[in-house]
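The values are calculated or read from the model by the stated rules, or taken from the named source; none is laboratory data. If you're wondering where the values come from, they're calculated on a predicted model, not measured in any experiment. In this analysis, Cβ positions are derived from the backbone assuming ideal geometry, glycine residues included, and neighbour counts consider all displayed protein chains.
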Amino acid sequence: MTTTDTATTDSAAAEALVGRMFGAALGAAELYTIYLGDIHGLYRAIGDAGPTTATELADRTGLDHRYLVEWLQSQAISGLLTIDGTDVWTDRYELAPGIRETLLDPANPFFAGGLAAILPAVGHAFPQLVEAFRTGAGVPYAAYGQEAVIAQEALNRPAYANSLIAEWVPAVPGLHDVLSRGARVADLGTGAGWSAIELAKAYPAVRVDGYDNDEDSITRARRNAAEQGVADRVDFEVRDITAIAAGGTPYDVVTFFECLHDFAHPVEALTAAREALAPGGSVIVMDERADEVLAAPGDEVQRFLAAASVIWCTPQGRVDEDSEVVGTMLRPDRLRQLAGRAGFGTVDVLPIDHPFWRFYRLTP
């Protein structure tokens, strides 16, 4: 290849990368506007009222009229709202198709409101993250603000509400029968508690203990359980997960739903889970569907997971000085290594097809 050919190729690659970066900036900017609409209840207000002008929306919400005009205009241009004319000041706006499912119904399988909360959450923590690259320190979960809890809850709840009972439990041999008989379940890294809550709603004889080390998450989990009518059978505690086996009742099932890769001490967490099992019990792990072998460049799912590991999962897991955090790219071979060190004899990949998550069953 001649110098001219190389320069032409480099220019084409640079042009493509500029386009990709602009697309990313556009997406980030629009996510911020979506989050503003979400936290101020604007989509809900428009959906409840029907066709609405900026003035009517300001009167209904008590928000500043001038800012609302800019927000409404941006939403119409982005295709998230429709407008019945071209005058942003006086014409009426409505929700575009798909908005109710993706932004207003948190249990809908298409709900994606949690994605918008990621940006302000990382924004809170970003100065610490920049410094962490120099020092090697971790960035605590609390540094990401309440938006972190909002994002985690919103991103995972639809899957628990729509797939946990209908698809995932039936794919684990014998699990439905165990739960039907009234199993004791420990849900480790429970977050806002929706996995535990859905299990309790589906299986009236089950008792679930949900553990997490984040107080805000546990507060939300307790409120969610009360609102869903299962607080008498689901208990949530702020606790170090590695201590769950100390003097407690043995569990028939222990679950790690999308959290093991975040832990500073994954082997200790798995060991605690094994020690907490009743005879014949098993551990279910749902974690990221990282490619079994690195592919670079990767597809969009792998790109998202890898980026999340940099800005979210690995920093949070490095808060402990002796951390062994894996990060988001938890591949099956690494999971098997961790489980083996924790004393498990068998690690089965479960036949559950999901674009973001892989499922395992661990038995001693």
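Let's see how each residue does on (1) modelled with pLDDT of 95 or more; (2) among the hydroxyl-bearing types (S, T, Y); (3) more than 30 Å from E321 (Cα to Cα):
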{"site": "G79", "(1), (2), (3)": "yes, no, yes"}
{"site": "V88", "(1), (2), (3)": "yes, no, yes"}
{"site": "L95", "(1), (2), (3)": "yes, no, yes"}
{"site": "R100", "(1), (2), (3)": "yes, no, yes"}
{"site": "D105", "(1), (2), (3)": "yes, no, yes"}
{"site": "G113", "(1), (2), (3)": "no, no, yes"}
{"site": "E131", "(1), (2), (3)": "yes, no, no"}
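Against the conditions (1) in a strand (DSSP E or B); (2) in contact with a Gly (Cβ under 8 Å, 6 or more places away or on another chain), I284 satisfies every one except (2). For E288, are the conditions met, namely being in contact with a helix residue (DSSP H, G or I) (Cβ under 7 Å, 6 or more places away or on another chain), charged (D, E, K, R) and crowded, with 19+ Cβ neighbours inside 10 Å? The answer is yes for E288. Counted as qualifying within the stretch 35-82 are the helices (runs of 4 or more DSSP H) with 1 or more residues that are farther than 17 Å from L104 by Cβ and out of contact with any Ser or Thr (no Cβ under 9 Å at 6 or more places or on another chain), namely 54-61, 65-78. Of the residues screened, V185 is not one that is under 15 Å from R361 (Cα atoms), in the same structural domain as A276 (by TED's automatic domain parsing) and in a helix (DSSP H, G or I).
Note on the stretch 51-81: among residues that are hydroxyl-bearing (S, T, Y) and surrounded by 15 or more Cβ atoms within 10 Å (Cβ to Cβ), the one that is nearest to the chain's Cα centre (by Cα) is S74. Can you find, within the stretch 204-229, the residue that is nearest to V319 (Cα to Cα) among those that are surrounded by 21 or more Cβ atoms within 10 Å (Cβ to Cβ) and of a type in the set (A, V, I, L, M)? Across the stretch 204-229, the extreme among qualifying residues is I218. Is it the case, given these coordinates, that L95 is touching a residue at least 12 places away in the same chain (Cβ under 8 Å), farther than 30 Å from A192 by Cα, buried (at least 17 other Cβ atoms within 10 Å of the Cβ) and over 25 Å from the mean Cα position of the chain (by Cα)? When the stated conditions are applied, L95 does not pass them.
For every residue, the table says whether it meets (1) within 25 Å of V130 (Cα to Cα); (2) in contact with an Asp or Glu (Cβ under 6 Å, 6 or more places away or on another chain).
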{"residue": "S282", "(1), (2)": "no, no"}
{"residue": "V285", "(1), (2)": "no, no"}
{"residue": "A295", "(1), (2)": "no, no"}
{"residue": "A308", "(1), (2)": "yes, no"}
{"residue": "C313", "(1), (2)": "yes, yes"}
{"residue": "R318", "(1), (2)": "yes, no"}
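Scanning the stretch 316-338 for residues that are in contact with a helix residue (DSSP H, G or I) (Cβ under 6 Å, 6 or more places away or on another chain) and part of a helix (DSSP H, G or I) yields a total of 3.
Residue count for the stretch 157-185 satisfying the condition of being at negative phi and either at pLDDT below 95 or more than 16 Å from the chain's Cα centre (by Cα) (or both): 19.
Looking at the stretch 182-197, is at least one residue more than 18 Å from P279 (Cα to Cα), surrounded by 20 or more Cβ atoms within 10 Å (Cβ to Cβ), in contact with a strand residue (DSSP E or B) (Cβ under 6 Å, 6 or more places away or on another chain) and aromatic (F, W, Y)? No, every residue in the stretch 182-197 fails to be more than 18 Å from P279 (Cα to Cα), surrounded by 20 or more Cβ atoms within 10 Å (Cβ to Cβ), in contact with a strand residue (DSSP E or B) (Cβ under 6 Å, 6 or more places away or on another chain) and aromatic (F, W, Y). The sole residue among T242, T219 that is modelled with pLDDT under 95 and either in a helix (DSSP H, G or I) or under 17 Å from L155 (Cα atoms) (or both) is T242.
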